[in-house]
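Here the structure comes first, spelled out in structure tokens, and everything after it is commentary.
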């Protein structure tokens, strides 16, 4: 659906009225935006179900951040930034949680490792990790063993992402040093 220029030109005024508490103006604005949002989302997201989820997410975001719009500036770039951010977020979430099915016959044969070797490897890993300071060990366990994202590990440990990165860097540096010392002996 093509955007009607005269309707598009009314969006900043409608948003300004909505910011002032004019519900009918806000309703007219949202009704005018839905087809535009849907059209833009479809360009970025191929899945119809996900498209509708993103449209709803965009509308919620517009509602939540409507106070940030400055009527002195064009409305469309403000809206497009929201649409783009929500579409990217949705695609990332879908990619992170999507289950990929792989036919069993294409999977490589599992490498058999005797239980004794596996136990020794586990003990060796635990030995290295036990040499780390507690915070470093926790970060390594969360990020590398439990496969948490840096953001998730930061939230879980009540730290910033920068602090998690720093702890992880120091931990991996220490582990490399421990490994090099072990190889020499």
Check your understanding: For residue 103, which of the numbered conditions (1) at pLDDT below 90; (2) surrounded by 14 or more Cβ atoms within 10 Å (Cβ to Cβ) fails to hold?
Key -> (2)
Exercise for review: Consider residue 8 carefully, then state whether it is surrounded by 13 or more Cβ atoms within 10 Å (Cβ to Cβ) and either more than 22 Å from residue 86 (Cα to Cα) or at pLDDT 90 or above (or both).
Suggested key: no
Review point. Can you name the residue in the range 133-158 that is over 18 Å from the mean Cα position of the chain (by Cα) and part of a loop (DSSP other than H, G, I, E, B) and is also farthest from residue 93 (Cα to Cα) among such residues?
Key: 133
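The values are calculated or read from the model by the stated rules, or taken from the named source; none is laboratory data. Fair warning: this is a prediction, and the values are worked out from it, not measured in the lab. Ideal geometry is used to build each Cβ from the backbone, glycine not excepted, and the neighbour counts take in all protein chains shown.
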